[in-house]
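Written below as structure tokens is the structure these notes are about.
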Amino acid sequence: MEQSVKSSLALGSLLLVGLLGMAWIGGNSLLKAKEYERRVSVKGLSEKEVQADVVVWPIRFSGASNELPGLYGEMGKSAAAILAYLKLNGVAEEEILIAPPAVTDKLAQPYGGAEASAFRYTAAQTITVRSGQVDRVRQLMNGIAELGQQGIAFAGQDYQQTEFIFTRLNELKPQMVEEATRSAREVADKFAKDSASRLGKIRTANQGQFTVENRDSSTPYIKKVRVVSTVEYYLSD
């Protein structure tokens, strides 16, 4: 009987030690889990200013006449003068798109007639330049008004109608992602230092979306490329 009691006590002691050991292991694991629950999420920014490498310039001009053949003749002469100006100044033929003139007969309009205007027929036409010679085309935009002395009536010649495009974004992406990630790391390092912690491994990372916008309304040919990366790090003591 006494031997049985001793055996039971020994077994109970072993079970107690085992339970304590498991509790210590479990508690230590819980502490480690809690430790890894500490994290910080930061954003890193990369910005670059680049020049547009493609310009789309619509040249819109108009004419008016009481005779339809005369109107088409006038529009043809205006188009020829504009084409000559462009080609003389280095714009290749394949960079030029000519749309046919859109003619309006005011007598055919349900809201008024030709008596309200000096001319029965009006026409508008657009010649579009799409070119990689951005600087050159910008110079031509400033000088084309001289053709007005030949009787060409231009309409809406301003930068709002001209589109400047940056097409080489893929060339910038690797470097800018690296810069944004490095910026995020610097922010996270400072946060860890200020909170008396050590920065751990990356938990999650989100590259973010690239945006290309005009630097400002006065210089739409200068683009601002921007990306924001979001990175989450573990923190430890």
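The values are calculated or read from the model by the stated rules, or taken from the named source; none is laboratory data. What you are looking at is a predicted structure, and each value in this text was computed from that prediction instead of being measured. All Cβ positions, even for glycine, are placed from backbone atoms using ideal geometry, and neighbour counts span all protein chains on display. Heavy atoms of the whole protein, side chains included, go into the accessibility calculation; ligands, DNA and RNA do not. Shrake-Rupley method; radii C 1.70, N 1.55, O 1.52, S 1.80 Å.
Positive-end ranking of PHE154, SER197, SER183 along the dipole of the stretch 145-237, with charges on Cβ about the Cα centre, is headed by SER197.
Proximity of backbone amide H atoms, modeled 1.01 Å from N, is registered between TYR221 and no other residue at under 5 Å, excluding neighbours fewer than 5 places apart on the same chain.
Between ALA196 and ALA155, what length comes free when the chain is fully extended (0.36 nm per residue of separation minus the Cα-Cα distance, one decimal in nm)? Walk me through the numbers on the way to the answer.
Values: separation 41, 0.36 × 41 = 14.76 nm, distance 6.52 nm.
Full extension of this stretch gives 8.2 nm more.
Close amide H pairs (under 5 Å, H built 1.01 Å from N) link ARG39 with LEU235, residues at least 5 positions away or on another chain.
Stretch ARG38-ALA108 to full length: gain in nm at 0.36 nm per residue minus the Cα-Cα span?
Details: separation 70, 0.36 × 70 = 25.20 nm, distance 7.55 nm.
Residue separation times 0.36 nm, minus the Cα-Cα distance, leaves 17.7 nm.
Here the stretch 165-237 exposes an accessible surface that is 46 percent carbon and sulfur, computed with a 1.4 Å probe and the other protein chains kept in place. Spin-label pair LYS77-PHE210: with each label point 7 Å from Cα along the Cα-Cβ axis, the two points sit 4.9 nm from one another.
In the structure displayed, which of LYS87/LYS173; LYS48/LYS190; LYS193/LYS224; LYS48/LYS87 lie more than 28 Å apart, Cα to Cα? Walk me through the numbers before you get to the answer.
Numbers: LYS87/LYS173 36 Å; LYS48/LYS190 24 Å; LYS193/LYS224 33 Å; LYS48/LYS87 34 Å.
In this structure, LYS87/LYS173; LYS193/LYS224; LYS48/LYS87 lie more than 28 Å apart at Cα.
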